[in-house]
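The values are calculated or read from the model by the stated rules, or taken from the named source; none is laboratory data. Quick caveat: nothing in here was measured; it's all calculated off a predicted structure. Note that we place each Cβ from the backbone using ideal geometry, even for glycine, and neighbour counts take in every protein chain shown. We work out accessible area using only protein heavy atoms, side chains counted, and drop any ligands, DNA or RNA first. Shrake-Rupley method; radii C 1.70, N 1.55, O 1.52, S 1.80 Å.
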Amino acid sequence: FKPEAVTERTTVTFTVSAKYPKYPGLASSTSRTLTVNVVPGVAVYDPEDWQAATVAQSSADEAVYSLIPAIVLMSDLDLFDSKYIEKSIWCDIYGNNHALRSKSDFMPSDNTTLLHLRASGLLLSNLILTPISDIPDNMSDEDKVEKKIHGRALRFVGKERGASSDPGGNYSSEDIKAGKRPTGLRVEYCIIQNASEGVQIRGEDVDFVGTIFRNIGYNGIAILCMQDAGNPDIINYAHVG
């Protein structure tokens with residue numbers, strides 16, 4: 001592929017045929033077709049790459065967002081500084097079966113979240129999310145409670161671009177009336193582990209496919225339905241597949 005030719009998600013179809021088929025009449029045995037999606041993105045090898053790729057992601061500005069359509073992990077990332085967590089992500093992440101791992105020192109409360117996904121149509125694929133990577137294998141459940149193991153792996157912030165939500169991702173009544181919430185989100189073939197809470201959903205539209213939740217202290221998936229305080233009849237329900 002010529003990278004400069006791929007500026008957005010592109011569908012490519014390959015057909016491979018045998019030049020000298022043993023059974024010329026059996027097309028199904030001599031030809032194969034494969035369709036793949038090609039996306040532009042940046043490769044991330046270490047925490048500094050991660051920092052560089054996600055600094056721009058903290059902005060809701062459309063021009064900044066368009067610079068990084070996808071992040072691809074090329075190795076496991078041990079996030080050893082608080083500046084690498086609580087990231088707002090506006091693009092797809094392809095994990096390649098690699099992990100984002102944090103030390104418990106940088107997850108000071110149950111509300112500290114490793115990743116915030118903040119836009120419609122985002123894909124989180126084949127990624128291992130480990131908010132707390134330094135739990136001893138022999139630690140008892142009592143010790144985990146006493147030491148107050150903290151941290152959330154993933155949060156769908158509930159602030160679509162153009163919505164009038166506050167920075168914490170809470171919906172305003174105008175958001176709810178207008179239906180401004182991220183939709184078409186997908187988490188596929190991921191492992192979410194070692195956290196007080198796995199995922200928090202605040203009225204978004206999210207599908208989980210082949211995803212494993214394990215070693216979660218409280219909720220694997222916490223779902224909050226957002227209601228207009230001024231008009232209780234206006235409720236923005238979460239859609240979870």
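Here are some notes:
- Measuring r between the beta carbons of Phe80 and Ile235 and using R0 = 45 Å, the FRET efficiency lands at 0.60.
- Stretch gain in nm, segment Val55-Leu224, where the contour uses 0.36 nm per residue and the Cα spacing is subtracted: 58.0 nm
- Surrounding net charge for Gln200, when Lys and Arg each add one and Asp and Glu each subtract one, Cβ distance under 11 Å: 0
- Positive minus negative residues near Gly95 (Lys, Arg vs Asp, Glu; Cβ under 13 Å): -2
- Ranked order, Val240, Val38, Val187 - accessible area, probe 1.4 Å, largest first: Val240, Val38, Val187
- Whole-number D in µm²/s for region 78-121 (Stokes-Einstein; Kirkwood sum over Cα pairs; 37 °C, 0.692 mPa s): 283
- Efficiency of FRET from Cβ geometry, Asp207 and Thr33, R₀ 25 Å, rounded to 0.05: 0.40
- Per-pair calculated FRET efficiency, R0 = 35 Å: Ala5 and Asp46 via Cβ, rounded to 0.05: 0.80
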